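The values are calculated or read from the model by the stated rules, or taken from the named source; none is laboratory data. In this text, all values refer to a predicted model and were calculated from it rather than measured experimentally. Cβ atoms come from the backbone with ideal geometry, glycine included; neighbour counts cover every protein chain shown.
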Amino acid sequence: MSSLESPSSAEARLHREIERRRTFAIISHPDAGKTTLTEKLLLFGGAIQLAGQVRARGENRRTRSDWMKIERDRGISVVTSVMTFEYGGNVFNLLDTPGHEDFSEDTYRTLTAVDSAIMVIDAAKGIEDRTRKLFEVCRMRDIPIVTFVNKLDREARDPFETLDEIEKTLALDTAPITWPVGSGKDFIGTYDLKRRQTRLMNEKGDDHRDEIGDDKLDALLEQRYLTELREGIDLAAEGTNPFDLQSFREGHLTPVFWGSALRNFGIKDILDGLAAYAPPPRDQAASTRVVKAEEPKMSAFVFKIQANMDPNHRDRIAFVRLCSGKLNRGMKVKHVRTQKTIGLTAPQFFFAQERQIADEAWAGDVVGIPNHGTLRIGDTLTEGENLAFVGVPSFAPEILRRVRLEDAMKAKKLKQALQELAEEGVVQVFRPIDGSPALVGFVGALQLDVLQGRLDQEYGLEVGFEVSQYNMARWLDGERQDVIDFQNGNRSAMAEDVDGDPVLLATSGYAFNYIKEKWPKIRFTDVKETQ
Ligand code: GDP
């Protein structure tokens with residue numbers, strides 16, 4: 001905002017900018033086509049010239065940072081990032097979620113920062129395991145879902161069967177916006193159920209807008225001996241649910257689009273669908289009140305930390321979701337957890353191939369803020385108000401280990417390294433209050449390799465892992481005195497996490513249940529949310 005801008009025009013601009021933002025993620029089972037769809041969305045959004053650069057970019061970056069060798073070796077993407085592009089007057093922020101099951105913690109946190117999600121389903125396979133799990137997370141957070149049924153250029157299930165499966169297994173109403181005309185080698189295009197026009201797939205397989213009316217479609221179907229498809233289309237037009245915006249926004253109904261990401265077909269439909277239906281930045285719950293996107297004061301929270309993008313500098317990027325107002329480069333903000341003021345001198349936007357300094361950003365946007373460890377996952381930034389956004393989760397580890405250090409002289413360095421990596425969310429660290437050596441916790445097995453690799457490459461620490469007597473960790477909650485009594489009564493099994501919150505370590509589920517029954521006033525949780 002220039003200083004000459006009047007308050008009312010600043011307000012109007014804020015409104016306009018926020019209304020045109022769509023911040024979303026893609027959820028799917030591995031192999032359904034998330035990466036391909038991401039590339040094509042960026043391609044149509046004009047963010048990249050050549051499809052294929054999403055992966056290429058990832059590989060370039062990986063060569064720069066050695067620890068990412070792990071991902072390269074395993075052919076998976078561990079890094080969550082954000083991609084911003086414009087299309088049809090809207091600004092889209094696509095938050096990439098890591099595909100690997102082991103890294104679900106990152107994925108869950110990313111889903112706290114979006115306003116909607118695209119669910120990609122393989123047309124032949126239908127709803128798969130991981131899609132269902134991620135869908136449940138979206139449902140918990142009332143995130144509206146747009147469905148894209150992909151790979152229609154291959155043999156697919158009957159479309160009614162797919163809709164039926166979505167409705168039954170996810171308890172989610174469906175409202176097809178388009179309808180596939182054929183599949184596999186007979187995939188002709190998609191039928192717009194409202195406008196009753198067919199958009200044809202052309203020979204080159206790009207998403208051009210050659211449309212034909214019903215008469216021409218009938219002639220085409222006849223010519224190809226596919227007249228029975230007509231019946232399905234008519235049935236879909238008459239017999240499926242109409243789209244209902246409110247029901248979608250409340251998470252009860254999903255609009256369904258069909259296409260082929262590989263063949264560039266249906267991509268524009270889904271972008272237009274997001275623009276038309278997906279919500280602009282939502283209200284966000286904070287400790288003291290609910291924050292509205294259109295409030296003029298900037299507020300934001302950290303949902304992801306990515307460290308050592310440049311290993312020589314130990315810099316960290318905190319990915320921050322703006323919840324309200326406008327961010328100006330250079331502005332001073334309050335870091336609520338420490339009550340300190342920090343200057344946002346170099347906030348960054350991420351495009352497909354590059355980062356750029358963000359001079360201004362609006363509610364709904366995601367910016368990267370370089371820092372040296374001040375910002376942690378779940379932290380809130382404001383223009384002065386003491387509020388904290390709630391709901392960024394940490395999950396109880398499924399694997400607990402002790403770190404075995406090859407060179408005992410480096411214990412202090414190890415402590416520091418674990419602290420830094422814990423703040424980044426790479427590992428959880430639990431320090432027993434009786435002073436015995438710290439335990440490290442992991443949500444997935446792959447995280448052990450990542451930790452080992454990073455300790456070696458970035459800190460010069462050679463470590464191994466030893467099985468610990470403990471198998472479970474649970475956060476606890478309750479009346480203050482009850483918690484103190486509990487801690488005193490269970491000193492040998494108590495630890496603190498990186499925030500200093502008390503954690504119970506248990507040797508088995510059996511031992512845990514025993515403790516739980518003995519202390520009914522204490523609540524034990526396997527998810528900790530920032531509050
Ligand atoms: P992700 O694991 O969900 O990211 O899936 P990818 O985008 O990597 O796709 C998995 C495989 O399916 C790759 O070999 C893609 O080329 C292929 N694929 C993706 N979309 C389509 C499509 O629309 N049609 C066909 N035939 N193959 C596709």
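For the stretch 500-531, give me each residue that is closer than 17 Å to D434 by Cβ and touching a residue at least 40 places away in the same chain (Cβ under 8 Å).
V503, L505
Going by what's in this entry, would F257 be described as outside any loop (DSSP other than H, G, I, E, B), within 16 Å of the ligand (Cβ to nearest atom) and either touching a residue at least 24 places away in the same chain (Cβ under 8 Å) or over 20 Å from the mean Cα position of the chain (by Cα) (or both)?
Values: outside any loop (DSSP other than H, G, I, E, B): yes; within 16 Å of the ligand (Cβ to nearest atom): yes; either touching a residue at least 24 places away in the same chain (Cβ under 8 Å) or over 20 Å from the mean Cα position of the chain (by Cα) (or both): yes.
So F257 fits the description; yes.
Restricted to the stretch 13-38, and to residues that are part of a helix (DSSP H, G or I) and under 15 Å from the mean Cα position of the chain (by Cα), which residue is farthest from the ligand (Cβ to nearest atom)?
T38
Restricted to the stretch 363-386, and to residues that are of a type in the set (A, V, I, L, M, F, W, C) and modelled with pLDDT of 95 or more, which residue is farthest from the chain's Cα centre (by Cα)?
L381
Under 7 Å between Cβ atoms, which residue pairs at least 6 apart in sequence (or on different chains) link something in the stretch 27-45 that is more than 23 Å from T112 (Cβ to Cβ) with a partner that is near the ligand (Cβ under 7 Å from one of its atoms)?
Hits for this filter: G33/V120; G33/N150; G33/K151; G33/A261; T36/A261; T36/L262; K40/A261.
Answer with yes or no whether F187 is of a type in the set (F, W, Y), modelled with pLDDT of 95 or more, in contact with a strand residue (DSSP E or B) (Cβ under 9 Å, 6 or more places away or on another chain) and within 15 Å of the ligand (Cβ to nearest atom).
Details: of a type in the set (F, W, Y): yes; modelled with pLDDT of 95 or more: no; in contact with a strand residue (DSSP E or B) (Cβ under 9 Å, 6 or more places away or on another chain): yes; within 15 Å of the ligand (Cβ to nearest atom): yes.
Spelling it out, it is not the case that F187 is of a type in the set (F, W, Y), modelled with pLDDT of 95 or more, in contact with a strand residue (DSSP E or B) (Cβ under 9 Å, 6 or more places away or on another chain) and within 15 Å of the ligand (Cβ to nearest atom).
Considering (1) under 22 Å from the mean Cα position of the chain (by Cα); (2) part of a loop (DSSP other than H, G, I, E, B), say which one A318 fails and leave the rest.
(2)
Hey, S247 hits all of (1) closer than 20 Å to D158 by Cα; (2) in contact with an Asp or Glu (Cβ under 9 Å, 6 or more places away or on another chain); (3) assigned to a helix (DSSP H, G or I) but one; which does it fall short on?
Every condition holds for S247 apart from (1).
Looking only at residues that are part of a loop (DSSP other than H, G, I, E, B) and among the charged types (D, E, K, R) in the stretch 382-441, which one is nearest to S299 (Cα to Cα)?
E383
Given the residues L43, L37, L14, L50, which is the only one that is crowded, with 23+ Cβ neighbours inside 10 Å and either at pLDDT below 90 or not charged (D, E, K, R) (or both)?
None of the other options fit; the residue is L37.
Is there any pair with a first residue in the stretch 307-323 that is farther than 30 Å from A293 by Cα and outside the structural domain of D106 (by the TED database) and a second that is among the basic types (K, R) and modelled with pLDDT of 60 or more whose Cβ atoms are under 9 Å apart and which are 6 or more apart or on different chains, and what are they?
The qualifying pairs are N308/R314; N308/R316; N308/R454; M309/R316.
Tell me which residues, restricted to the stretch 404-435, are surrounded by fewer than 19 Cβ atoms within 10 Å (Cβ to Cβ) and under 19 Å from G500 (Cβ atoms).
Listed by number, the residues that qualify are K415, Q416, Q419, P432, I433, D434, G435.
Within the stretch 449-482, how many residues turn out to be part of a helix (DSSP H, G or I), surrounded by 17 or more Cβ atoms within 10 Å (Cβ to Cβ) and free of Cβ contacts under 8 Å to residues at least 60 places away in the same chain?
Looking only at that region, the number is 4.
Results for (1) at negative phi; (2) in a loop (DSSP other than H, G, I, E, B); (3) within 15 Å of the ligand (Cβ to nearest atom); (4) free of Cβ contacts under 8 Å to residues at least 60 places away in the same chain, shown as yes or no for each residue.
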residue: D106; (1), (2), (3), (4): yes, no, no, no
residue: I121; (1), (2), (3), (4): yes, no, yes, no
residue: T131; (1), (2), (3), (4): yes, no, yes, no
residue: R139; (1), (2), (3), (4): yes, no, no, no
residue: E155; (1), (2), (3), (4): yes, yes, yes, yes
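Which ones in the stretch 223-279 are in contact with a helix residue (DSSP H, G or I) (Cβ under 6 Å, 6 or more places away or on another chain), surrounded by 15 or more Cβ atoms within 10 Å (Cβ to Cβ) and of a type in the set (V, I, T)?
Across the stretch 223-279, the qualifying residue is only I267.
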